[in-house]
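Q: Provided herewith is a single structure, encoded as structure tokens, for subsequent inquiry.
The values are calculated or read from the model by the stated rules, or taken from the named source; none is laboratory data. Given the structure is predicted, the values throughout are model-derived calculations rather than measurements. Every residue, glycine as well, gets a Cβ built from its backbone with ideal geometry; the counts of neighbours run over all protein chains shown.
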Amino acid sequence: MRLGASPADDAFRAELASWLAAQLDGRFARLRQPDFNRNEFALLRAWERALGEAGYGCIAWPAALGGRDASLTQRVIFAEEWARAGLTPRPNHIGIELLGATLLAHGSDDQKARFLPPLAAGTEFWAQGFSEPNAGSDLSNIQTRARLDGDAWVLDGQKVWTSWAHNADWMFVLARTTPGSRGAKGLSFLLVPMRQPGVIIRPIRQMTGDEEFNEIFLDGARTDAANIVGAPGDGWAVAMATLTFERGVSTLGLQTRYRRELDQLIAAAKANGRARDPLLRHRLARAEIGLSVMRANCLRMLANIDRGTPGREGAVNKLYYGSWHQRFGELVMDVLGRAAEIAPGPDYAYQGLPKIFLQSRADTIYAGTNEIQRNIIAERWLGLPREPRG
Amino acid sequence: MDFAFTDEQQMLQDAARGFFARHAPPGAARARLTDAAGYDPATWRALVEMGWLGLDLPEAAGGLGLGLVEMAIILEQAGESLCPLPFLASAGLAARAVLATAEADRARQLLAPILSGEIIATLAGCGREGVALQLDATLRRDGGGFRLDGAAGFVPFGHVADMLFIAARDADDPSALCLLHLAPDAPGLTIDRPVQMDLLRPEAQLRFDAVAVPPAAVLGAGPGVAAALRRVIDRATILTTAEQVGGAQRCLDLSLDHARQRIAFGRPIGSFQAIKHRLADMAMQVETARSAAYYAACLAQEGDDRALAYAATMAKVHGSDAFSQCAGDTIQIHGGIGFTWEHDAHLLFKQAHSASRLFGSSDAACQRMADLMELA
Ligand SMILES: Cc1cc2nc3c(=O)[nH]c(=O)nc-3n(C[C@H](O)[C@H](O)[C@H](O)COP(=O)(O)OP(=O)(O)OC[C@H]3O[C@@H](n4cnc5c(N)ncnc54)[C@H](O)[C@@H]3O)c2cc1C
């Protein structure tokens, strides 16, 4: 058990940091400006491509698929340097961390060859089409239908809360392929191109004022018959794997971003004098401790996943970080005071720390609410009786 | 970086688990509630034979040259099995204090009987309030030697120690500390073991009335001693977190058993969300505390003084939260039986409290963290 990095890791860090600095001082300076908006897609696409060209697209993947077989330590370093550079979350997070990881584990060789290299090259963006108006926590209540028509799947139904769908080229969709089936049986995991007449995307405004998620109407949308991950009717197991990546490994970048956020809040508290307030001092210290614990747990989770022995530490990860970040959002408002309520410009658009107060309300909802996380921990990991179902 | 046990560490954990399963099976703690020693000498001898006392001491000092992670592995298992032993007192505190303050030859001499288990040693590092290095004992020059007056509080296994290492203020230099050692029968030394709320963490209260201290018994004096002892306490704090993890795990396991078996309204109570979600939260506390304890052990082992202070503080606060929450919830999940003397829930609850207060409170640790963060 050891935390320190090797000289090779330090070299990787130095090389990455200088590459990031060069990009962010040059062509991609806009990414770090405070009013940068994650809906500036042209820029984000160019940024993903630049990462891909430099070999930083998907460092954890095998070289044959566009990766560089990076060690766990190097993945941690990547996340740390990304956050240290002041970048917002990875633009194609859903594609790389959710779909990419799912295909690596469950995709056919053809699917890996077709879909992974464009992720590493930063040329194809993805959305996650799981939730529906009547299938959120109760995800297996999916009503979207798909049927084979010759050499294509044809989809009809509605998805909702689909993040970044308006910038996606593809969407992975959980749809019912066995007519008359109910619950988790009879669902399939399909890969569907977004730019076609049968896919209608309507942005939904969020409580932050931003439009990041969408509702999607599938009206005879088509995809090639080969674009199914796992066997027809076995999509639930694949989707559960996706969710495990979403709640686990993909969150590596989170705690490094939170580190930066907390550092910013500490600096603000020192600047406005509230760091001397005994109660706020105490809460800031607790936030620091909580974040350090999060890092410890995340590293342990990753190490155990790497060894093929994932444990309870991974199962509790989402519940821990979501709750921490929400409390952090509240602390932000108490440290910054009422000034944080005033928008920086003429629009209802918040940035930086104050925005976290609003945005973090989602952290206990997406990827499975806190209540659902507790059910999962209790039922799958602690062996307690399952929920009664209606 | 590889934040997982090595094969050797895994083997050590298996050995420790087996050791405590054999020597401290469920129920064994009961006998400790009434016996005067507060620990089982046969178990202690067996532990000594395992060779674990010098795990983290350098080989030059007679140890095995391993680290805090290995020590934490032992303490986690001890905590889980509710098995009080003078391990932390002798190996975690006293031996380390000697190493940190005495010059090399003297240290080897003093350490030999401690590491061989021939004697039990302890460190009196707290004053009456039980806060580390807030001392109420003063050493002053007296003729050719020294004289010790005052008191020390909450000295782990002080009532059975064959050698007591005592941190004291230096009368000549109010800013400096010194470390000295006394035999338990030193004239003027009173060792009292009052009834404690937690019967599984025996601690003695010491009084010093003009205790004569020969110069040879003063190991270290001067400006470096306080910092050296602080490091010793910080390491012991991280080990206490490992013990807390074990205790919290025991809470979770007891509660899970009960929640699966106890039927109410025709269903196991573990099927009610109010109970199962509480258990999920307990699991979150246990696992994050385990991550924190070993992370702290690594940080402390690999880093500088600040890293050690940071690690100890973070581990203490989270470990205390985790064990206290789990112990309280364990009583709640058990209902009436959880409130009885008969059931182990109260033993864990009391352990959780005493562990959270060892060397100082969690609130004070938060203050220290705020200082480390340079929050003006
Ligand atoms: C910002 C954001 C982005 C998102 N992005 C995506 C995306 O890209 N793709 C996608 O598919 N989905 C996405 N989602 C959807 C998200 O996964 C769902 O909102 C979530 O699973 C909850 O479902 P719901 O909204 O239908 O709420 P409901 O399931 O209706 O839940 C309402 C409340 O009831 C509680 N509840 C429900 N069932 C139980 C139970 N058994 N026990 C106890 N309490 C229960 C919930 O915890 C919650 O508090 C996103 C959501 C947000 C907020």
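Q: Just give me the residues in region B:104-118 being outside any helix (DSSP H, G or I) and surrounded by fewer than 16 Cβ atoms within 10 Å (Cβ to Cβ), in sequence order.
A: Answer for region B:104-118, where residues must be outside any helix (DSSP H, G or I) and surrounded by fewer than 16 Cβ atoms within 10 Å (Cβ to Cβ): B:Ser116, B:Glu118.
Q: Oh, and also: Just give me the residues in region B:61-77 being touching a residue at least 24 places away in the same chain (Cβ under 8 Å) and not in a helix (DSSP H, G or I), in sequence order.
A: Selection gives B:Gly62, B:Gly63, B:Gly67.
Q: Still on this model: Among the residues that make up region A:334-344, is at least one of them of a type in the set (Gly, Ala, Ser), within 13 Å of the ligand (Cβ to nearest atom) and more than 17 Å from the chain's Cα centre (by Cα)?
A: No: region A:334-344 contains no residue that is of a type in the set (Gly, Ala, Ser), within 13 Å of the ligand (Cβ to nearest atom) and more than 17 Å from the chain's Cα centre (by Cα).
Q: Still on this structure, I have one more. Looking only at region B:155-181, count how many residues are within 16 Å of the chain's Cα centre (by Cα), under 17 Å from B:Val131 (Cβ atoms) and assigned to a strand (DSSP E or B).
A: Matching residues across region B:155-181 total 2.
Q: Give the residues of region B:192-212 that are surrounded by fewer than 20 Cβ atoms within 10 Å (Cβ to Cβ) and of a type in the set (Lys, Arg), sorted by residue number.
A: B:Arg193, B:Arg207
Q: Of these, A:Ala5, A:Ala11, which one is surrounded by fewer than 18 Cβ atoms within 10 Å (Cβ to Cβ), within 14 Å of chain B (Cβ to nearest Cβ) and either at pLDDT 95 or above or outside any helix (DSSP H, G or I) (or both)?
A: Numbers: A:Ala11 fails: within 14 Å of chain B (Cβ to nearest Cβ).
The match here is A:Ala5.
Q: Could I ask something else about it? Hey, which of the helices (runs of 4 or more DSSP H) in region A:288-372, taking only ones fully inside, have at least 1 residues that are within 30 Å of B:Asp2 (Cβ to Cβ) and more than 12 Å from chain B (Cβ to nearest Cβ)?
A: Those helices (runs of 4 or more DSSP H) span A:317-336.
Q: Answer yes or no as to whether A:Thr73 is assigned by TED's automatic domain parsing to the domain that holds A:Arg38 and of a type in the set (Ser, Thr, Tyr).
A: yes
Q: Across region A:202-217, which residue is nearest to the ligand (Cβ to nearest atom) among those that are part of a loop (DSSP other than H, G, I, E, B) and not β-branched (Val, Ile, Thr)?
A: A:Gln206
Q: Can I ask one more? Out of the residues in region A:265-287 meeting the condition of being in a helix (DSSP H, G or I) and of a type in the set (D, E, K, R), tell me which one is farthest from the chain's Cα centre (by Cα).
A: Checking each candidate, the answer is A:Arg276.
Q: Kindly list, by first and then second residue, each pair from a residue in region A:267-286 that is facing chain B (nearest Cβ under 9 Å) to a residue that is of a type in the set (A, V, I, L, M) and surrounded by fewer than 16 Cβ atoms within 10 Å (Cβ to Cβ), limited to pairs with Cβ atoms under 8 Å and residues at least 6 apart or on different chains.
A: Short answer, once both residue conditions are applied: A:Lys270/B:Ala376; A:Ala275/B:Ala376; A:Arg276/B:Ala376.
Q: What is the number of the single condition among (1) away from chain A (no Cβ under 14 Å); (2) outside any loop (DSSP other than H, G, I, E, B) that B:Ala36 does not meet?
A: It fails just one condition, (2).
Q: Would you be able to tell me the number of residues in region A:135-169 that are near the ligand (Cβ under 8 Å from one of its atoms), of a type outside the set (Asp, Glu) and out of contact with any Pro (no Cβ under 7 Å at 6 or more places or on another chain)?
A: 10
Q: Determine which single condition A:Ala378 fails, assuming it passes every other condition in (1) near the ligand (Cβ under 10 Å from one of its atoms); (2) within 14 Å of chain B (Cβ to nearest Cβ); (3) crowded, with 18+ Cβ neighbours inside 10 Å.
A: (1)
Q: Looking only at region B:260-300, how many residues end up being facing chain A (nearest Cβ under 7 Å), of a type in the set (A, V, I, L, M) and out of contact with any His (no Cβ under 8 Å at 6 or more places or on another chain)?
A: 5
Here's the yes/no breakdown for (1) of a type outside the set (A, V, I, L, M, F, W, C); (2) within 24 Å of A:Gly248 (Cα to Cα):
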position	(1), (2)
A:Trp19	no, no
A:Gly26	yes, no
A:Arg30	yes, no
A:Gln33	yes, no
A:Ala60	no, yes
